[in-house]
1. Using a Förster radius of 25 Å, what is the FRET efficiency between residue 155 and residue 127 based on their Cβ-Cβ separation? Nearest 0.05, please.
2. Under a plain spin-label model, where a point goes 7 Å from the Cα along Cα-to-Cβ, how far apart in nm are residue 136 and residue 90?
3. Starting from a Cα-only point model with no solvent, please compute log10 I(q)/I(0) by Debye for the range 82-209 at q = 0.10, 0.14, 0.16, 0.22 1/Å.
4. For the peptides 159-168, 179-188, what is the packing order when you average, over each peptide's residues, the other Cβ atoms within 10 Å and list the highest mean first?
5. Give 35/152; 35/95; 95/130 a once-over and call out the pairs whose C-alpha atoms are over 22 Å from each other.
Amino acid sequence: MKLFANFLGVVSLLALSYVVITFLGGLMYQTLEQKRFVSERDTEGRSVKVAGLSTSPETKSATYSIPGSPVALLSIPRLQLSSIVLEGTDERELKLGPGHIAGTSLPGDGGNVGVAGHRDTFFRPLRLIKEDDTIHLTTHDRAYQYRVVSTKIVEPNEVQVLQPIGQETLTLVTCYPFDFVGPAPKRFIVRADCLDCSRQKATQLGDMK
C-alpha cells in the first residue's frame, strides 16, 4: 500500500511539473515575442511612413496563414491581460498563447475575428470581463479598438457565434466553467464591436485616391 501511495505521489509530481514547465514555457514565449512584435512594428511603421507603402490584403493573409505565426497583440487593460495571438488553435499554439481561429476574419477585414484561448492560462482573466470593457488588437500595421457588448455561455457545437454579423467584431472563446476539473463542457463567449474600423477603412480609401 505504501509503495502504491509513493507511486501515485511520483505520478502527481510529474504531472504537476509538466503543467508548470508548459506554463512557464508559454510565459517565456510571450515575453520574448511581445518585445519582438513591438520592435518589428515600430521598425515597419517607420518604413511605411517613409516609403508610403502599406501591406496588401494578399500579403497579410499569406503571412497570417502560417500556423504558429504571430497575428496580433491582444490586450485588455482593465484585466491586465496582454498576449500575442498566434495563427491556429492546435494544442501547440494554445500552449504558447491565444490562437486565431482558422476560417474567421483577420483584423480589419470587415468580418468576425475569432480568437480562442485556454481558460486556465492566458484567457483566465476573462472570468472577470464586463460589458463596455475595452479590448485592443494591434497588428503589425494597425491598431484596432473594440468594446465588449455581451458575454454568454454556449455548447461547444454552437459555432454560429463565429459567423459574421454585418459589422466588424471580435469574438473571444474559452472553456467554461473556469474552475472545472478536466475538459470543461461549455464555452464562454465574449463579443466585442470594433469602435474605429469604419474610420480606419475610410482613411485607407482616402489614402488610395
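What follows is calculated from the coordinates using simple rules that are stated; it is not laboratory data. Predicted model only: the values in this text are computed from it and were never measured. Heads up, the Cβs are rebuilt from the backbone with ideal geometry, glycines too, and the neighbour counts pull from every protein chain shown.
1. Details: r = 19 Å, r/R0 = 0.76.
Here the calculated transfer efficiency is 0.85.
2. 3.2 nm
3. Values returned for q = 0.10, 0.14, 0.16, 0.22 Å⁻¹ are -0.31, -0.60, -0.77, -1.43.
4. 159-168, 179-188
5. Values: 35/152 33 Å; 35/95 19 Å; 95/130 25 Å.
Those over the limit are 35/152; 95/130.
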